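The values are calculated or read from the model by the stated rules, or taken from the named source; none is laboratory data. From a predicted model like this one, the values you see are computed outputs, not experimental measurements. Positions of Cβ are backbone-derived with ideal geometry, glycine not excepted, and every protein chain shown enters the neighbour counts. Heads up: the accessible areas ignore ligands, DNA and RNA and are worked out on the full protein's heavy atoms, side chains in. Shrake-Rupley method; radii C 1.70, N 1.55, O 1.52, S 1.80 Å.
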Amino acid sequence: MKLGEPSLDQLRIFLAVAEEGSFGAAARRMGRAVSAVSYGIAQMESQLGVTLFDREGSRRPVLTEEGRGLLAEAKGIADGIDTLLAKTRSLHAGLESEVSLVVDVMLPGEVTASVLREFRAMFPTVALRLQVEALGAVAACLLDGGADLAVGGPVLADHPELERQAIGEVELVPVAAPQHPLARKGVAPGESRKHLQLVLSDRSPLTEGREFSVLSPQSWRLADLGAKHALLKEGIGWGNMPRHTVSADIAEGRLYLLDLPEKPGANYMLSALWRRDARPGPATSWLIDAIRDRLGDCSAVEPSVAARG
């Protein structure tokens, strides 16, 4: 038997009858005559060679076994068409079909997660790709075309091909394990240079050879902030970390907030970055504002953790 191809209209009629429980209710929902709904179901049954509804012995049509088996597929097709139409309308309205976002590893994870959760609800038709990089690699993703929007630190923020909007800051603090020789009061000037410093490295060649808050000639370079965090807690060296990442460790005694004369900690300024030849669309602009607002909320509630005596 050669099967026909039911139309999208027939699929929608089938779904309406199944969801409403009667031809009359489906007709009212769709603004059609009952006869048109009945005809659409009959045509679809003829196309597929199956009976979709049992109409015998009851005033209300009941899905047959075949009808129940095809219901999910029909709903999936209709949903897919709805998504396609919504995305097309968005494109006509100037909304991006996709946004590629790269964020600095220093950006608090809870900020990224909460913003992207809200983004998904606000822009269900916009696909999003997320990367997490460090230092100059964030801007490099924009310059090589791998991202539409970046949230990065001061490294390369003033590149001539990029536009920049300051959106907040993250406090960096020097820490070490409690047993580390620097974990005490009264550390002499220059003492930090005698101990291994753990430094976040930059995978981008754009900033090759540049140093960022490096005091000690003895250093280990790590491309992963999580690995640096773990080594610090193990007592392997000292280093700067985002305060939000180590606040709990300091409060619970796993790390010590160092009181160094050089005051190597700093405010790590974060900016939204995009290429000058690519104007941010509505969804991208929303991301910039949402991340800025959420960073401001985090700064307002971030607890101050004092060094332990």
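For this structure, a couple of remarks:
- Cβ-Cβ under 7 Å pairs, at least 6 apart or on other chains, region 22-43 side at negative phi, far side modelled with pLDDT under 95 and of a type in the set (Asp, Glu): ALA26/GLU20; ARG29/GLU20; GLY40/ASP9
- The set of residues in region 248-290 being among the polar types (S, T, N, Q) and in contact (Cβ under 8 Å) with a residue 40 or more places away in the chain consists of ASN267, SER271, THR284.
- Filter pass, GLY49 being open to solvent by less than 60 Å² (accessible area, probe 1.4 Å) and either farther than 14 Å from ARG68 by Cα or touching a helix residue (DSSP H, G or I) at 6+ places or on another chain (Cβ under 7 Å) (or both): yes
- Taken over region 131-174, the criterion of being in contact with a His (Cβ under 9 Å, 6 or more places away or on another chain), in a strand (DSSP E or B) and not acidic (Asp, Glu) is satisfied by VAL170 alone.
- Number of positions in region 261-280 that are assigned to a loop (DSSP other than H, G, I, E, B) and surrounded by 19 or more Cβ atoms within 10 Å (Cβ to Cβ): 2
- Considering the conditions (1) more than 19 Å from ALA272 (Cβ to Cβ); (2) surrounded by 19 or more Cβ atoms within 10 Å (Cβ to Cβ), GLY186 is excluded by exactly one of them, (2).
Rundown of residues vs (1) crowded, with 17+ Cβ neighbours inside 10 Å; (2) in contact (Cβ under 8 Å) with a residue 24 or more places away in the chain; (3) within 30 Å of LYS233 (Cα to Cα); (4) basic (Lys, Arg), yes/no style:
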{"position": "PHE119", "(1), (2), (3), (4)": "yes, yes, no, no"}
{"position": "LEU162", "(1), (2), (3), (4)": "yes, yes, no, no"}
{"position": "GLY168", "(1), (2), (3), (4)": "yes, yes, yes, no"}
{"position": "PRO174", "(1), (2), (3), (4)": "yes, yes, yes, no"}
{"position": "PRO178", "(1), (2), (3), (4)": "no, yes, yes, no"}
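- Filtered residues of region 52-68 (kept if loosely packed, with under 12 Cβ neighbours inside 10 Å and either acidic (Asp, Glu) or in a strand (DSSP E or B) (or both)): GLU56, GLU65
- Residue satisfying all of: in region 229-254; among the aliphatic types (A, V, I, L, M) and open to solvent by less than 30 Å² (accessible area, probe 1.4 Å); nearest to LEU182 (Cα to Cα) among these: LEU232
- Only one of ALA283, ALA290, ALA306 that is of a type in the set (A, V, I, L, M) and either in contact with a Ser or Thr (Cβ under 8 Å, 6 or more places away or on another chain) or modelled with pLDDT of 95 or more (or both): ALA290
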